[in-house]
2 protein chains.
Amino acid sequence: MKKQQIYLDYSATTPVDPVVLKAMTPFFSKKFANPASLYKKGLEAREALELSRLTIARAINAEAGEIIFTSSATESNNFALKGVAFAHLPALRFGMASKSRGKHIIISAIEHDCVLASAAWLQKQGFELTIINPEKNGVIDSQKIKNALRPDTILVSVMAVNNELGTIQPISEIGKICRSANVYFHTDAAQAFGKIPLDVRAMNIDLLTLSSHKIYGPKGVGCLFIRKGVKMEPTMHGGGQEFHLRSGTVNVAGIVGFAKAAEIAVATMRDEQQRISGLANKLIAGIKSTISNVELNADVQNKVPNILNLQFSFIEGESLLMLLDLNGIQVSTGSACSSEKLKPSHVLMACGLRPEQAHGSVRFSIGRFTTEQDIDRVLEILPKVVNDLRKISPLK
Amino acid sequence: MKKQQIYLDYSATTPVDPVVLKAMTPFFSKKFANPASLYKKGLEAREALELSRLTIARAINAEAGEIIFTSSATESNNFALKGVAFAHLPALRFGMASKSRGKHIIISAIEHDCVLASAAWLQKQGFELTIINPEKNGVIDSQKIKNALRPDTILVSVMAVNNELGTIQPISEIGKICRSANVYFHTDAAQAFGKIPLDVRAMNIDLLTLSSHKIYGPKGVGCLFIRKGVKMEPTMHGGGQEFHLRSGTVNVAGIVGFAKAAEIAVATMRDEQQRISGLANKLIAGIKSTISNVELNADVQNKVPNILNLQFSFIEGESLLMLLDLNGIQVSTGSACSSEKLKPSHVLMACGLRPEQAHGSVRFSIGRFTTEQDIDRVLEILPKVVNDLRKISPLK
């Protein structure tokens, strides 16, 4: 008999919702035309594209013309940072950086790898970088952003919800600070969308990243909200698609799926987060009552319920992950992207954990298809597995 | 009754082959895991990814580790040019460009917009650019490439098959010239793959671009072949996927579809190009016998059969396109990407056509699902439509 599989890694990626797949399917083989084509079939594809754009825009209180479709949150984050940076490059080149805006970027230490790596690359190109550490609870203090602003700061990038801890960042406050200082504010909202309300106007956001595959849409699709008026240099050059900001034949089927997924995510958010909160509370209460020396990483008051990052003393996260996998339960240590590196999480380290504490941490992320029975099963298996690992642990 | 639709714009994009869609489908909602995840379901996705990589590699005589998946040919072409350019940037910065390799790039004038625009952007960043015009028949003279080489040339980029004319470029010759001169050679093979044999070893190709949606695979997927040893700077920074050369969660379903499409394209190439050649010959003979003042743009001896670019005197291509569309026939003027611009094709202009000749040109592209009956129908409608347009033409 095939073992029951319990997927608790929804923050790494999600299955495509069958409703989403159904919405996408006609655009593969029937309504397949290139939306840039002039004939009616092209128009049909273009209409689907523009309707999708409107759906995404409405979900974050943006205008349709402010949504640029990309291939992923990684591309959107690269585009946000490099697009703003390169748009400011002439000033830098002509030596005006010290007088006008020019070369300083602020990010947080708990950003996703793609923000960190894009920023590091820009530093190599001559830009200057300030990295703000989080508080111990995994939340960025907006005052520290304010204090780091310089006359030549061009961009602040702080994610909305951290992917490893689930901590909600004070993006409204940071937005306000940046708007007052006339500095662009970008937020990576890949983990926030469908989990917390997002309003780019009320929150003073200039650039915002979304991902399809984190919200039960297909992989290979994302978007960047670019507020009207923001100066951006394209990073993908070519045929001039997406308002001349992001070239390349538009992935209509993927985008239609992304929009359908966004529509569902927004419509079900309140009820779904409440349901997931119940499951998360049950999981954590069950764990605390059966396993000793376990800590929740991150401020419980200031996080989305769907992510639980737990620190188990005396064991290694990877071993726990493997043993749970043998029992049909999928969880992760850190983000999926960096899982192959086996380095301690940069997020947990930035929060002040010691390497062995970071290594002993595992992320459980709950999602749309998680049931009460799944949690029961985890509570049945997890204590045993932790106990077995601790018995043989050299760390005790 | 719904009008019969005859799609003759396969070079703009293709429908996903039902066999391809079937191969992709399990990876949306069932085998959906992130291939970077450590558990078994992640491994399952990783295996599908690596099998796909091997399939694509074999199709062009590359090794699996030389295939980097991207979101499109546009991304691959951007990556090829900028990746090589930025890898040479340190030499440029430290003033060694004149002594060592550094800042000179050669492309052809008939490249796709994404190559032209990437090269132009690099020029803005301080690189130097030589653009080689084609001969009147739409083919690049490899000697002109050779003559344009300089001691500081770092890259030559010439496409394998032109997307508007179907002309086959002498990439083997250019490959040989570049290899002798120790200069990287990139070819955009988006329109060549599945149409002519490609062998990166025999042809001395260092970088080669492929696209999924041109070969009955899904949109939003492409790849760049990077020969082992080629120095490349990533352009998409982040989690380190794709051998640390192209970050972003991997689009497994799309890639599986791409590989299946590639497999079919290679297996059926010979028979299919023969069948299409027959249809093309029938179309062109029929047109020549019923319509006066019509010319085939491009050397008939040196082109793929699936693309026919025809110049109709006294009429505008866009008008012809619209009237054919009303009759259920889809064709295009120039490439889909630039169709919204209504400028005369840069490819035709580079071949020496006058603007009115370029404007009077229309591309018919034949594909997998084109039938003999489709061609009959076109031959029935086209002469009438051309005649009607000429009657009211002010150009006569």
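The values are calculated or read from the model by the stated rules, or taken from the named source; none is laboratory data. What you are looking at is a predicted structure, and each value in this text was computed from that prediction instead of being measured. Cβ placement follows ideal geometry from the backbone for every residue including glycine, while neighbour counts extend to all protein chains displayed.
Among the candidates B:S345, B:S319, single out the residue that is among the polar types (S, T, N, Q), modelled with pLDDT under 95 and closer than 28 Å to B:K3 by Cα.
Just one listed residue meets the conditions, B:S319.
Provide a single number: the residues in the range A:251-276 that are within 14 Å of chain B (Cβ to nearest Cβ), part of a helix (DSSP H, G or I) and farther than 20 Å from A:N61 by Cβ.
Adding up the residues that qualify gives 5.
Within the group B:I196, B:I255, B:I226, B:I287, which residue is at pLDDT 95 or above, of a type in the set (V, I, T) and not assigned by TED's automatic domain parsing to the domain that holds B:G65?
Just a single option satisfies the conditions, and that option is B:I287.
Table: residues versus (1) in contact with a Lys or Arg (Cβ under 7 Å, 6 or more places away or on another chain); (2) touching a residue at least 60 places away in the same chain (Cβ under 8 Å).
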residue	(1), (2)
B:K260	no, yes
B:E263	no, yes
B:S292	no, no
B:V300	no, no
B:M322	no, no
B:S332	yes, yes
B:K343	no, no
B:C351	yes, yes
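Among the candidates A:G217, A:G248, A:G239, A:G229, single out the residue that is part of a loop (DSSP other than H, G, I, E, B), buried (at least 22 other Cβ atoms within 10 Å of the Cβ) and on the phi > 0 side of the Ramachandran plot.
Testing whether each residue is part of a loop (DSSP other than H, G, I, E, B), buried (at least 22 other Cβ atoms within 10 Å of the Cβ) and on the phi > 0 side of the Ramachandran plot leaves just A:G248.
Against the definition (in contact with a Gly (Cβ under 6 Å, 6 or more places away or on another chain), closer than 29 Å to B:L210 by Cα, assigned by TED's automatic domain parsing to the domain that holds A:E111 and of a type outside the set (A, V, I, L, M)), how does A:N204 come out, yes or no?
The answer is no for A:N204.
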